[in-house]
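S.K.: Take this structure first; my questions come after.
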Amino acid sequence: MTENTRNTTVVVTGASGRTGSRVARSAQAAGLTVRPASRAHGFDWQGRSTWAKVLRGADAAYLVYPSDIGAPGAAEAVGALAREAVGAGVRRLVLLSSRGQDRARDAEEALHASGADWTVVRAAWFAQNFSEGPLVEELRLRGELVFPAGEVREPFVDVRDIGDVVVAALSAGDRYVGETIAVSGPRLLSFGEAVAEIAKATGRELSYRAVSPRAYGENLLGFGVPAREVEALVEAFAQLLDGRNAYLSQGVREVLGREPRDFAQFARQAAATGTWTE
Ligand SMILES: NC(=O)c1ccc[n+]([C@@H]2O[C@H](COP(=O)([O-])OP(=O)(O)OC[C@H]3O[C@@H](n4cnc5c(N)ncnc54)[C@H](OP(=O)(O)O)[C@@H]3O)[C@@H](O)[C@H]2O)c1
């Protein structure tokens, strides 16, 4: 623990989710007091009356908007929560955003305009999308991932690195205030190559089949996903997966002074817990 983090209480939204759980773990390891905030803890992004209680007396907050930071209504909600936090004296805010997604910029700008001491962490695709969330079931049950990513390459980032970067930024005084930190893994992999890494780690035959965004959207409609959500997802995937994100970002190295975790390490560790086999 440093002088900066002693007696610091950080509100962690999405604390049971992919990034929030890692932010909470890293924060506890750094000596911060974690206040988890999700619907299970009485905090709802969609219910403003639930915000004040969770913010009261805290020093900082990690903001993760559920599901998609580019979703309709996300920027308004991020702006409103950030303003309420500042009003409650919780000035130090770190927002999770995404690389190469035009619609995510509205939420970032709403945060900038809130008067907070802000930091934005723009992340690449999570490695954990393959192990926690909808993709894991396809791989585990069907042995095949059907996804609209073509042969595009992406530097998948391990969410544990996101947790470490968020907490390092929160613990560094003013160093990262007003900064946008882009984080990725250490190498580019196509979705097919990522599935091959998982196959190697599990010893199972697993494959990847590329489909068009439209065909993927029709699949989702068939599974009962609401049309509005499908439309937003198809648009987001078409943009995120058009090659614009096929480059590495240096945020993990710059903030943590070490290499980002590699996808093969992630795959071996998740395979060892039976993620794609049990
Ligand atoms: N996936 C990617 O590759 C990627 C890459 C870059 C950026 N992002 C961004 O990352 C964000 C998602 O992050 P994540 O994967 O860490 O989240 P996640 O795991 O999907 O979030 C789930 C968490 O959010 C809580 N939650 C869900 N709905 C809520 C609501 N209405 N109010 C309050 N809490 C709610 C859940 O707990 P309860 O059920 O208890 O509420 C749970 O703790 C999105 O903004 C996305 O755009 C994702």
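The values are calculated or read from the model by the stated rules, or taken from the named source; none is laboratory data. Small disclaimer: the values here were computed from a predicted structure and weren't measured. Cβ sites come from the backbone with ideal geometry, for glycine too, and all protein chains shown count toward neighbours. Ligands, DNA and RNA are excluded from the accessible area calculation, which covers all protein heavy atoms including side chains. Shrake-Rupley method; radii C 1.70, N 1.55, O 1.52, S 1.80 Å.
S.K.: If I model a spin label at Lys200 and Thr9 as a point 7 Å from the Cα along the Cα→Cβ vector, what separation in nanometres do I get?
M.R.: 4.7
S.K.: In segment 59-75, which residues have a backbone nitrogen under 19 Å from the label point lying 7 Å from Ala227's Cα in the Cα-to-Cβ direction?
M.R.: Output list for this probe position: 72.
S.K.: To continue, here is another question. So which trypsin sites (Lys or Arg not before Pro) in segment 207-278 end up in coil per DSSP with only 10 or fewer other C-beta atoms within 10 Å?
M.R.: Arg258
S.K.: In whole Hz and in residue order, list the ³J(HN,Hα) couplings for segment 189-197 that follow from phi through the Karplus curve 6.51 cos²θ - 1.76 cosθ + 1.60, θ = phi - 60°; x for Gly and Pro.
M.R.: Values, residue by residue: 9, 6, 5, x, 5, 5, 5, 5, 4 Hz.
S.K.: Just name one of Val177, Val90, Gly163: the one whose Cα is farthest towards the positive end of the charge dipole of the chain (beta-carbon charges, Lys/Arg +1, Asp/Glu -1).
M.R.: So the residue furthest toward the plus end is Val90.
S.K.: Hey, another quick one. From the backbone phi of segment 23-38, what are the Karplus-calculated ³J(HN,Hα) couplings (6.51 cos²θ - 1.76 cosθ + 1.60, θ = phi - 60°) in whole Hz, Gly and Pro given as x?
M.R.: 4, 4, 5, 5, 5, 4, 4, 8, x, 7, 8, 9, 10, x, 9, 7
S.K.: I've got another one for you. Convert each backbone phi in segment 69-84 into a coupling constant with the Karplus relation 6.51 cos²θ - 1.76 cosθ + 1.60 (shift: θ = phi - 60°), then list the ³J(HN,Hα) values in order as whole Hz, x for Gly and Pro.
M.R.: The phi angles translate into 5, x, 5, x, x, 5, 4, 5, 5, 5, x, 5, 5, 5, 5, 5 Hz.
S.K.: Taking amide H positions as placed in the peptide plane 1.01 Å from N, state which residues far from Arg35 in sequence (5 or more) or on other chains have amide H under 5 Å from it.
M.R.: So Arg35 has HN proximity to Val10, Val11, Val12.
S.K.: Amide H to amide H under 5 Å from Ser97: which residues, 5+ apart in sequence or cross-chain, H placed 1.01 Å off N in plane?
M.R.: Hits under the 5 Å cutoff: Val121, Arg122, Ala123.
S.K.: Right, next: Obtain the nm distance between the two label points defined at Ala272 and Lys53 by a simple spin-label model: each point lies 7 Å from its Cα along the Cα-to-C-beta direction.
M.R.: With each label placed 7 Å out from Cα toward Cβ, I get 4.1 nm.
S.K.: Something else about it: Hey, got a sec? Which GluC sites (Glu not before Pro) in segment 115-163 land in a DSSP loop and have at most 13 other Cβ atoms within 10 Å?
M.R.: Numbers: sites: Glu132, Glu137, Glu138, Glu144, Glu151; in loops: Glu132, Glu151.
Qualifying residues, ordered by number: Glu151.
S.K.: While we're on this one: What dipole magnitude, in Debye to the nearest 20, does segment 66-163 give about its Cα centre under +1 on Lys/Arg Cβ and -1 on Asp/Glu Cβ?
M.R.: Numbers: 11 positive and 16 negative charges, 53 e Å.
It works out to roughly 260 debye.
S.K.: Can I ask one more? 5 Å is the cut-off here: which amide hydrogens, built 1.01 Å from N in the peptide plane, fall below it relative to Gly150, excluding neighbours closer than 5 in sequence?
M.R.: Close amide H contacts, sequence-distant or interchain: Val211.
S.K.: Heavy atoms only, probe 1.4 Å: what % of the accessible area of the chain goes to carbon and sulfur, would you let me know? Kindly include the intermediate steps, with their values, before the conclusion.
M.R.: On the way: 6000 of 12380 Å².
For the chain, the apolar C and S fraction of the accessible surface comes to 48 percent.
S.K.: Going through segment 174-229, which GluC sites (Glu not before Pro) have at most 10 other Cβ atoms within 10 Å and a DSSP loop state? Mind dumping the intermediate values first?
M.R.: Numbers: sites: Glu179, Glu193, Glu197, Glu205, Glu218, Glu229; in loops: Glu205.
For GluC sites (Glu not before Pro) across segment 174-229 that sit outside H, G, I, E and B with at most 10 neighbouring Cβ atoms in 10 Å, the list reads Glu205.
S.K.: Work through the residues other than Gly192 whose Cβ is under 12 Å from its Cβ and net out their charges, Lys, Arg +1 and Asp, Glu -1.
M.R.: -3
S.K.: Oh, and also: Where a ≥ b ≥ c are the square roots of the eigenvalues of the C-alpha gyration tensor, would you call segment 186-278 rounded, which needs a/c under 1.5, or, failing that, prolate if a/b is larger than b/c, or oblate? All intermediate terms of the calculation are to be shown ahead of the outcome.
M.R.: Values: a/c = 2.24, a/b = 1.31, b/c = 1.70.
Oblate.
S.K.: Would you please classify the overall shape of segment 124-263 from the alpha carbon gyration tensor, given that a ≥ b ≥ c denote the square roots of the eigenvalues, rounded means a/c under 1.5, and beyond that prolate means a/b larger than b/c while oblate covers the rest? Spell out each step's value before the answer.
M.R.: Numbers: a/c = 2.18, a/b = 1.56, b/c = 1.39.
In terms of gyration-tensor shape, prolate.
S.K.: Moving on. Using a simple spin-label model with points 7 Å from Cα along the Cα→Cβ vector, what separation in nm is obtained for Ala29 and Ala246?
M.R.: So the label points at Ala29 and Ala246 sit 3.3 nm apart.
S.K.: Across 10 Å bins from 0, what is the distribution of all Cα-Cα pair distances for the chain, in whole percents?
M.R.: 7, 29, 35, 22, 7, 0
S.K.: Continuing with this model, one more query. In percent, how large is the relative contact order of segment 1-150, given Cα pairs closer than 8 Å and 6 or more residues apart?
M.R.: Working: 234 pairs, mean separation 27.9, N = 150.
In percent, rounded to a whole number, it is 19.
S.K.: When the helices in the chain are scored as -39500 (n - 2.57) per DSSP H run of 4 or longer and the sum is shared across all residues, what 222 nm value do you end up with, to the nearest 500 deg cm²/dmol? Write out the running numbers ahead of the final one.
M.R.: Values: 11 runs with 108 residues, N = 278.
So the calculated ellipticity at 222 nm is -11500 deg cm²/dmol.
S.K.: Any chance you could run the full-extension gain for Glu76 through Glu218? It's 0.36 nm times the residue separation minus the Cα-Cα distance, nm to one decimal. All intermediate terms of the calculation are to be shown ahead of the outcome.
M.R.: Values: separation 142, 0.36 × 142 = 51.12 nm, distance 2.92 nm.
Stretched fully, the Glu76-Glu218 segment lengthens by 48.2 nm.
S.K.: Measure nothing but the geometry: give the 0 to 90° angle between the long axis through the Cα atoms of 263-272 and the longest principal axis through the Cα atoms of the chain, rounded to 10°.
M.R.: 80
S.K.: Additional query: For the chain, with a Gaussian network of springs between Cα atoms less than 10 Å apart, report the residue from Ala74, Ala232, Ala24 with the top mean-square fluctuation.
M.R.: Ala232
S.K.: Regarding segment 121-191, what's the average projected area of the Cα-atom convex hull, expressed in nm²? Don't jump to the answer; show the numbers that get you there.
M.R.: Numbers: hull surface 22.3 nm².
Average projection, Cα convex hull of segment 121-191: 5.6 nm².
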